[in-house]
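Here is the structure we will look at, set down as structure tokens.
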Amino acid sequence: MENSSHNARSLVSCSNLLFLSLILSSNLLTLLVSTNFLSTCSLESPQSLPITTAVEQPPPDCSGKVDLPPEFIAFTSPQKLPFGVNANFDSDEILPPVGSPCTRLQPMLRRYMSYEVNGSCPDDEALAQKLLLGGCEPLPRRRCRPPAPKAYVEPYPLPDSLWSTPSDSSVVWTAYTCKSYSCLINRHTQKSSDDCNDCFDLNWREKHRWTSDKSTDLDFSIDEVLSLKKAPGTIRIGLDIGGGVATFAVRMMQRNITIITTSMNLNGPFNSFIASRGVIPLYISISQRLPFFDNTLDIVHSMHVLSNWIPTTLFHFVIFDIYRVLRPGGLFWLDHFFCVGEELEKVYVPLIESVGFRKVKWGVGRKLDRGLELNEIYLSALLEKPLINSW
């Protein structure tokens with residue numbers, strides 16, 4: 001009986017030791033994983049890391065230094081001011097405004113920042129745009145000369161340039177499927193998923209945008225919008241977000257109004273085309289804070305670009321940023337915003353109303369180009385930042 005009791009106690013002791021060993025092993029494994037994958041040597045806190053990335057990330061460098069291209073380090077390192085502390089900067093250094101997302105894209109960043117200083121830059125527009133859209137915005141400066149056409153042709157003079165197709169020799173075509181403007185112009189006659197695939201044909205839809213004498217619930221004319229301001233001539237400067245080939249800016253220029261157009265080069269030389277027309281392109285993404293001071297612009301316009309493809313929180317930030325740069329009494333023309341039917345009232349109307357605009361015009365209609373079954377809705381709205389108590 002004593003032997004049986006002794007054996008039982010031995011088994012219990014062995015079981016306890018085994019259980020303790022398993023707990024210790026589990027804790028050690030957890031510690032090992034956390035130190036390898038959530039290391040404090042990373043540039044970002046674990047919560048801010050993306051769930052997925054477009055490129056394979058290298059293992060973290062725990063030596064105290066991040067493995068980045070020398071030219072990137074040269075540009076982003078603090079630069080000492082030659083005359084010491086500057087009261088405007090409240091510092092004796094200048095820090096270039098390049099965000100940490102650049103360092104998440106190290107393979108692409110290394111390719112982009114590898115070049116001969118004082119020489120020619122690589123022909124890498126497609127790579128640069130991938131970096132920018134990946135969050136590396138603004139792109140770091142480089143000390144090299146960008147690719148340019150071998151036999152550049154001067155643009156047409158104003159006003160002819162406003163409605164003329166530029167020479168093919170004004171563009172470096174390497175990054176695009178089309179290698180000529182005639183190819184881009186004919187793109188809308190073929191099946192294509194390219195962004196704004198009919199924009200380059202200035203004799204088709206572009207020829208009639210915003211010119212109708214009779215506005216509809218969705219299609220406002222420029223002249224009607226301008227007439228809604230009680231003080232004529234007070235719309236003078238503004239911005240068109242995602243403005244395609246800048247036809248809106250051209251229309252406004254013909255009315256002595258200066259509009260800057262933001263655009264990416266999504267499989268087409270949009271920025272080059274805009275500049276050739278004689279208006280100003282701005283190469284920034286929808287994620288970038290608008291590079292204008294508070295309360296300065298008379299009008300901000302956007303057609304199609306601001307829609308439900310943008311994450312809701314980002315969309316909210318964008319609308320508040322538009323409110324910020326508009327002066328009191330300034331107009332936000334939200335042109336053909338689209339979403340799924342139930343989203344409009346549940347999500348986007350409360351979101352837009354939360355910003356503080358006054359509704360001047362508000363029209364809703366069906367979006368039918370992709371079929372009734374998708375239940376897509378257009379919203380066109382003219383919103384005014386209050387002239388008094390806009391803060």
(message) With the structure loaded, tell me whether Thr258 is polar (S, T, N, Q) and in contact with a strand residue (DSSP E or B) (Cβ under 9 Å, 6 or more places away or on another chain) or whether it fails that test.
(response) yes
(request) Just name the residue that is nearest to Thr262 (Cα to Cα) out of those in segment 101-125 that are exposed (fewer than 13 other Cβ atoms within 10 Å of the Cβ) and among the small types (Gly, Ala, Ser). (result) Ser120
(message) Let me confirm something: among Val325, Val340, Val300, Val349, which residue is crowded, with 17+ Cβ neighbours inside 10 Å and under 23 Å from Asp219 (Cβ atoms)?
(response) Val300
(message) Among the listed residues Pro157, Pro147, identify the single one that is loosely packed, with under 14 Cβ neighbours inside 10 Å and at pLDDT 95 or above.
(response) Pro157
(request) Scan segment 188-207 for residues that are free of Cβ contacts under 8 Å to residues at least 24 places away in the same chain and surrounded by 16 or more Cβ atoms within 10 Å (Cβ to Cβ) and jot them down. (result) His188, Asn197, Asp198, Asp201
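Given the structure, is Asp213 surrounded by fewer than 18 Cβ atoms within 10 Å (Cβ to Cβ), under 28 Å from the mean Cα position of the chain (by Cα) and either in the same structural domain as Met252 (by TED's automatic domain parsing) or part of a helix (DSSP H, G or I) (or both)? Talk me through it step by step, then tell me what you get.
Working: surrounded by fewer than 18 Cβ atoms within 10 Å (Cβ to Cβ): yes; under 28 Å from the mean Cα position of the chain (by Cα): no; either in the same structural domain as Met252 (by TED's automatic domain parsing) or part of a helix (DSSP H, G or I) (or both): yes.
The answer is no for Asp213.
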(request) State yes or no: is Ala231 buried (at least 20 other Cβ atoms within 10 Å of the Cβ) and free of Cβ contacts under 8 Å to residues at least 60 places away in the same chain? (result) no
(message) Whether any residue in segment 128-137 is buried (at least 16 other Cβ atoms within 10 Å of the Cβ) and closer than 26 Å to Gln254 by Cβ is what I want to check.
(response) no
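The values are calculated or read from the model by the stated rules, or taken from the named source; none is laboratory data. This is a predicted model, so every value here is computed, not measured. Positions of Cβ are generated from backbone atoms using ideal geometry, with glycine treated the same way; all protein chains shown enter the neighbour counts.
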